[in-house]
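Heads up, the thing below is written out as structure tokens.
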Amino acid sequence: MSMTTFTHGHSTNSRLYRCWQSMKARCDNPNNTKYANYGGRGITYQSSWKNFEAFLRDMGDLYYAHAFMFGEKDTTLDRINSDRRYSKKNCRWATRAEQTRNRKTSVYYKGEYSCDASIRLGGDIDSVNVRMRHGWSLNKAFTTPFNKTRLMNKYKYKGLEMTVPELAKVNGLKPKTIMARIEKYGWTVARAVETPAKHNVDLSKTDVTN
């Protein structure tokens, strides 16, 4: 029978505790998948936050206030200045959209951030950025709705212009698999087409905490 551990009255399975753990892992653990963008480039956290009690004291009430307004799943730890360490002065709780706006990869076009355009057009939060990585113009990426007709968008593969259903037939994949790999996860067209379906495992495990 599994047992839940409590630290300073908080379950180690609570989302707040996991946010703290994830922050430390990104900064301290070279084996963490996000380490290169955090500890690997000198991002640390204030020394007192090595202990959960101090993190809870500084950020706990703000966490619950934000979660009450936006829900726990849309409450993420965000650094106000993404080049500085995690600290009480440089951290806030933000929605996923707010945090995406704060990233260096966020694009601002005609009064709108790419993440907001993604949601407005019916896509995922990073869909417009993915389009631009695939060579779409700013105007096209920010104005083309995400709907079923996007399956007819053409992508270059081995010198040919092909629709998503045509790409799917190359290796017997489902069109929705190709679409998710390209537009949601940012895979190259070649990788999306040539990777067998069984390798979709863990694609959705993305860390949006800044």
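What follows draws every value from the coordinates through simple rules; no lab data is involved. As the structure is a prediction and not an experimental result, all values here were calculated from the model. Cβ coordinates were reconstructed from backbone atoms using ideal geometry, including for glycine residues, and neighbour counts include every protein chain displayed.
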Contour minus Cα-Cα span, residue 67 to residue 152, at 0.36 nm per residue, comes to 26.7 nm
Once the mean of 1/r over all distinct C-alpha pairs in segment 18-58 is inverted, the Kirkwood radius in Å reads 10.3 Å
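Could you order the peptides 134-140, 33-39, 18-24 from most to least packed, using the average number of other C-beta atoms within 10 Å per residue?
Values: 134-140: 12.7, 33-39: 15.9, 18-24: 17.7.
Ranked by mean Cβ neighbours within 10 Å, highest first: 18-24, 33-39, 134-140.
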A chain fully extended from residue 112 to residue 90 at 0.36 nm per residue, minus the present Cα-Cα distance, gains in nm 5.5 nm
Simple SL model, points at 7 angstrom along Cα→Cβ for residue 82 and residue 18; separation in nm is 2.3 nm
For the chain, the longest principal axis of the Cα atoms and the Cα long axis of helix 52-70 enclose an angle in degrees, to the nearest 10, of 50 degrees
Neighbours of residue 91 by Cβ distance under 11 Å: Lys/Arg at +1, Asp/Glu at -1, summed charge +4
